[in-house]
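The values are calculated or read from the model by the stated rules, or taken from the named source; none is laboratory data. Worth saying up front: this structure is predicted, and the values here are computed from it rather than measured. Every residue, glycine among them, receives a Cβ derived from its backbone with ideal geometry; neighbour counts consider all protein chains shown. Side chains included, ligands, DNA and RNA excluded: accessible areas come from the protein's heavy atoms. Shrake-Rupley method; radii C 1.70, N 1.55, O 1.52, S 1.80 Å.
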Amino acid sequence: MEFIDLNQEVKIETEGHSSKGNQLKWKKGEYWYKADHMGYEGLAEIIVSRLLKRSSIQNFVEYQPAVIRYGEKNYRGCKSKNFLQEEESLITIDRLFRQYTGRNLTSELGRIPDVKERILYLTENVEEITGLEHFGKYLTGALEIDALFLNEDRHTNNIAVIWKGEEKGYYLCPYFDHGLSLYSDITVDFGMELSDEECRKRIHAKPFSQDFDEQLDCAEELYGKQIYFRFSEADILAELREMQGIYEDWILHRVEETLRMQKRKYQYLFTR
């Protein structure tokens with residue numbers, strides 16, 4: 001695990017890009033660093049990305065543990081390699097929509113009562129603007145990941161495409177940003193005193209429905225199942241064991257139990 005002093009680096013302002021405040025974030029060299037803000041976001045990023053290695057997905061951001069020194073405090077967190085090449089830009093779906101239509105995507109989606117129609121609306125607009133023919137399948141994969149790992153923060157600034165310039169155009173972005181998964185917000189919504197049942201009553205999905213299963217079912221009806229996972233309960237334990245000494249055992253135990261239950265619930269994602 002890396003220990004890094006970032007007092008000489010400029011903190012990146014991310015307020016407005018998450019539904020839960022301004023997480024400390026820096027870029028140093030070819031790496032991005034993020035500090036835990038609401039609880040154990042770094043652990044969630046790391047575990048989700050490691051389990052994505054045990055899936056059919058090829059294009060995703062890998063996160064590694066890091067202890068970050070900033071001010072007079074050490075923060076637990078994570079780091080990830082910058083996946084953008086020189087001259088490439090990350091364009092969020094929210095920004096893309098505003099640039100080409102002049103309208104607010106969240107407001108437009110809110111005017112559509114049917115969840116499946118919301119998914120179609122976003123997909124068809126993105127495909128028309130970017131020329132990406134399989135964006136619907138890519139989006140369905142994101143919703144499968146979010147449902148399995150209980151990511152509550154997949155708003156329209158957490159879905160993006162890559163702009164590679166006039167000659168190359170748009171490309172699909174690696175799957176990224178899973179920090180608010182696995183009930184990692186223990187400061188506001190998912191305190192450690194709450195049971196899994198209570199946490200499930202509180203958690204809400206994004207961006208098409210507050211219900212993970214509703215938006216997932218609608219996307220899969222439109223574009224089919226996209227991801228096959230192949231991690232076992234033994235794999236979950238092995239990955240969490242590597243995080244001992246970084247995060248407390250009671251946090252690791254909660255994540256283990258949550259992953260066990262999610263694996264059982266979404267068993268169809270583990271079969272071809």
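Details
- Sum of side-chain charges, Ala205 neighbourhood, beta-carbon under 11 Å (Lys, Arg +1; Asp, Glu -1): -4
- Net dipole in debye of the chain [+1 Lys, Arg Cβ; -1 Asp, Glu Cβ; about Cα centre; nearest 20]: 280
- Charge dipole of the stretch 81-165 about the Cα centre (unit charges at C-beta), most positive-ward option of Leu122, Phe83, Leu105: Leu105
- In this structure the amide hydrogen of Val67, modeled in the peptide plane, comes within under 5 Å of the amide hydrogens of Glu2, Phe3, Ile4, none closer than 5 places in sequence on its chain.
- Solvent exposure of the chain as accessible area per residue, Å², 1.4 Å probe: 48
- Percent carbon-and-sulfur accessible area, the stretch 1-107, ignoring ligands, DNA and RNA, probe 1.4 Å: 43
- Positive minus negative residues near Tyr121 (Lys, Arg vs Asp, Glu; Cβ under 12 Å): -2
- For the listed residue pairs Lys201/Lys265; Lys53/Lys79; Lys25/Lys265; Lys53/Lys263; Lys25/Lys81, the alpha carbons are over 22 angstrom apart in Lys25/Lys265.
- Within the assembled protein chains, the solvent-accessible surface assigned to Leu43 is about 0 Å², based on a 1.4 Å probe.
- Computed in the context of the full set of protein chains, the accessible area of the stretch 120-272 at 1.4 Å probe radius has 47% of its extent on carbon or sulfur.
- In summary, the helical segments of the chain meeting the span-like criteria, namely a full DSSP H run, a Cα extent along the axis of 15 angstrom or more and a mean Kyte-Doolittle hydropathy of at least -0.5, are 41-52, 115-130, 135-149.
- Met38 contributes about 20 Å² of solvent-accessible surface, heavy atoms of the protein only, 1.4 Å probe.
- Dipole of the stretch 1-102, positive direction: furthest Cα of Pro65, Phe3, Leu96, with charges on the beta-carbon: Pro65
- Charge dipole of the stretch 58-172 (Cα centre as origin; +1 on each Lys and Arg Cβ, -1 on each Asp and Glu Cβ, all else neutral): 500 debye, rounded to the nearest 20.
- Normalised by the number of residues in the stretch 74-138, the mean separation of alpha-carbon contacts (under 8 Å, six or more apart) gives a relative contact order of 19 percent.
- Rounded to the nearest 20 debye, the dipole magnitude of the stretch 98-252 is 600 debye, with +1 charges on Lys and Arg beta carbons, -1 on Asp and Glu beta carbons, and the Cα centre as origin.
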